[in-house]
Every structure is written in C-alpha cells, then in structure tokens.
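In what follows, a single structure is set out as structure tokens and then discussed.
The values are calculated or read from the model by the stated rules, or taken from the named source; none is laboratory data. These numbers come from a predicted model, not from an experiment. Heads up, the Cβs are rebuilt from the backbone with ideal geometry, glycines too, and the neighbour counts pull from every protein chain shown. For accessibility, only protein heavy atoms count, side chains too; no ligands or nucleic acids. Shrake-Rupley method; radii C 1.70, N 1.55, O 1.52, S 1.80 Å.
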Amino acid sequence: AVARQETELTPEMIATGSWRQLPFKPYNFAALGLPPACGHLHPLLKVRSQLRQIFLEMGFTEMPTDNFVESSFWNFDALFQPQQHPARDQHDTFFLQDPAEAPELPAGYTAKVKKVHSQGGYGSQGYKYEWRLEEARKNLLRTHTTSASARALHRLARQEKFSPVKYFSIDRVFRNESLDATHLAEFHQVEGVVADRGLTLGHLMGTLRQFFTKLGITQLRFKPAYNPYTEPSMEVFSYHEGLKKWVEVGNSGIFRPELLLPMGLPENVSVIAWGLSLERPTMIKYGINNIRELVGHRVNLQMVYDSPLCRLDA
C-alpha cells in the first residue's frame, strides 16, 4: 500500500514527537499560493476616476473642495441666491449648531454682494430686501460644490491680469432630503466651469456635447430651466435605451453678472458651468436600481468585491 504523506505539521505532532516517524510531502516552492485578500475600489470611486480622467483630457484643472462645512455666504449669497429662498430653509439644508457662524467674510466683497442683493447694480434691480450679515454668516453643510466654484472665481478675480481657466470638481454635498430609492441626504456632485471672454450658449452646448460624448452619451436634448445664479439655464436630457425615454442627466447655464462682477472679474468675461450627480451614472452603469444599495449601511460588500472595471463607452 502507498503510505499517505503528511502535508501539515501540527502542534500534536510536535508535542508527541510523532513527526519523526511520519512521511512528509516535499514542499513545492514553485507553486502559487492563495491570493491574499485585498482592498477593492467601490463602484463610485471607479466611475469617479473615469470622470476625472475625462476632465483632465479636456484640459481642466481640479478645484480644491476640502471644506464640507461652508458659510451661507459662499453657499448662497455669493451665488446671488436671496436670503428668503426656500433652499435656505432647514427643511432642505443642514445648519450647524457649533460653530454656528463663520468667523469672518471678505469685507469689501461682502459689501458688494449686500448691495447687489438689496439695491441692485451691474444692470440688475436686485431683490429689493434687507440683506442681513447674520444670515450670511450661518454655517452649514454645503448643498452644492458651486460654493467651491465661487471661491475659485473670487481668487481668479483677485489676480493682476485675467487669464482664461477651466475648472472641475467631484466631491460630496449634503441636503436634508427624504430618503428613497433615488435620493440620499448626501451624494456626490460633478461640476465643470469655464471662464473666458466672449463665451456664449453655443460654447456651453458644444462643451456639453464633447463631455457627454466622452461619457458614452451621444443623444442629448437641452431644455430651458431656471436657476438663481445662471441665466440662461438649461437642463440636459439623454435618451435612455433601457427605459425607452428621455431622462435628465445634468443642469447647466451661464453665470449671471450679479455673481461675477461684484467679485471684480472683467465685464466681458463670461463663465459657463454645468453639473451632474456621480451616483446616477454609476447606478446606470452597474445596473443598480436602489441608491441605498450603492451608498450607506445596506451596501453588500460582496458587490464591491465583484464589480467589474468601469469602462465608459465613448
């Protein structure tokens, strides 16, 4: 009979000394071992890296978006959003209790923002209300990354000589929304901003077509919309082959002069911008119907382990 060879040295063999009489199978040093368990990228991070690569290919520079806590001034007032706007209500925005107020705001710029809100200027009538500094200093969890765009444009306006720029950001935002299959209280916003002289709606539509074509979305429609800080504004729709209907994929517009001129940007400079969520294209790409299965405590970690590479069909 063929003697069975041992493959493991156990504590019992060592304690009893039986290992001295047992035949052991020779160790194969050339054999491959078990692959070690390692980290895996979440589907959101895979799509995010693809989007970031698209922006970089188009010549954009990434904006710093490291402050989740923002003052109402940069989140709303600097964007020409009135202080009585419903979006500033506690039902839609998470306000902070500690620290409740921002320590300081840029003095000269704040005075210009106050004036354009309460009295008008730069060809605008304003909103004709009493603008309050206490309201502007309230701290909140930012509701959009456009606050980072406002800060970036303000830095651009303080340069000695204006030079055209293309910015982008992909980061987390927070809104006090009811949770359901398509909405969370926190999500990611993708934003692109271009500042140059003589930009028009045609430039915006052309840039959007190039951007979404790189995403693999070629059938686009533009619909007029309203935003407090862009005029004209457009919603962007794409034809969804699976749903057999047009679905909204983003929002866009040209920043209003009431936003740009108080910063100190030249009068002939226009800024085009657009934004979309990161979660919606990720859900479409990976066939996920409920956003709570993508983000949050109900995420199946095996889904993260098994999800394939993200390849956007350009």
For residues that are among the charged types (D, E, K, R) and surrounded by fewer than 20 Cβ atoms within 10 Å (Cβ to Cβ), tally how many sit in the stretch 243-293. 7
Some residue of the stretch 290-310 being part of a helix (DSSP H, G or I) and of a type in the set (Phe, Trp, Tyr): yes
So, in the stretch 40-69, exactly how many residues are open to solvent by less than 70 Å² (accessible area, probe 1.4 Å), over 20 Å from LYS166 (Cβ atoms) and of a type outside the set (S, T, N, Q)? 6
Specify the residue that is most open to solvent (accessible area, probe 1.4 Å); the eligible residues are those in the stretch 1-39 that are assigned to a helix (DSSP H, G or I) and charged (D, E, K, R). ARG20
Against the definition (surrounded by 15 or more Cβ atoms within 10 Å (Cβ to Cβ), of a type outside the set (A, V, I, L, M, F, W, C), within 27 Å of ASP180 (Cα to Cα) and at pLDDT 90 or above), how does SER233 come out, yes or no? no
Of all residues in the stretch 100-122, which are open to solvent by 70 Å² or more (accessible area, probe 1.4 Å) and part of a loop (DSSP other than H, G, I, E, B)? PRO103, GLU104, GLN119, TYR122
Do we find a residue being open to solvent by 40 Å² or more (accessible area, probe 1.4 Å), among the hydroxyl-bearing types (Ser, Thr, Tyr) and over 29 Å from ARG48 (Cβ atoms) anywhere in the stretch 156-163? no
Scope the stretch 127-144; condition assigned to a loop (DSSP other than H, G, I, E, B), in contact (Cβ under 8 Å) with a residue 40 or more places away in the chain and open to solvent by 20 Å² or more (accessible area, probe 1.4 Å); matching residues: TYR127, TYR129, ARG132, ARG137
Result of the Cβ filter at 9 Å on the stretch 145-168, keeping first residues that are farther than 19 Å from ASP77 by Cβ and partners that are of a type in the set (Gly, Ala, Ser) and part of a loop (DSSP other than H, G, I, E, B), at least 6 apart or interchain, is LYS166/GLY59
Looking at (1) within 18 Å of the chain's Cα centre (by Cα); (2) surrounded by 13 or more Cβ atoms within 10 Å (Cβ to Cβ), which is the one condition that is false for SER72? (1)
Just give me the residues in the stretch 213-230 being surrounded by 17 or more Cβ atoms within 10 Å (Cβ to Cβ) and farther than 27 Å from PHE80 by Cβ, in sequence order. LYS214, LEU215, ILE217, LEU220
Kindly list, by first and then second residue, each pair from a residue in the stretch 202-223 that is assigned to a strand (DSSP E or B) to a residue that is hydroxyl-bearing (Ser, Thr, Tyr) and open to solvent by less than 20 Å² (accessible area, probe 1.4 Å), limited to pairs with Cβ atoms under 7 Å and residues at least 6 apart or on different chains. LEU220/SER238
Check the stretch 218-232 and report whether any residue there is under 22 Å from PHE162 (Cα atoms) and not small (Gly, Ala, Ser). yes
Of all residues in the stretch 224-246 being farther than 27 Å from GLY126 by Cα and part of a strand (DSSP E or B), the one that is nearest to the chain's Cα centre (by Cα): VAL236
Inside the stretch 75-91, can you point out the residues that are touching a residue at least 60 places away in the same chain (Cβ under 8 Å) and open to solvent by 70 Å² or more (accessible area, probe 1.4 Å)? GLN90, HIS91
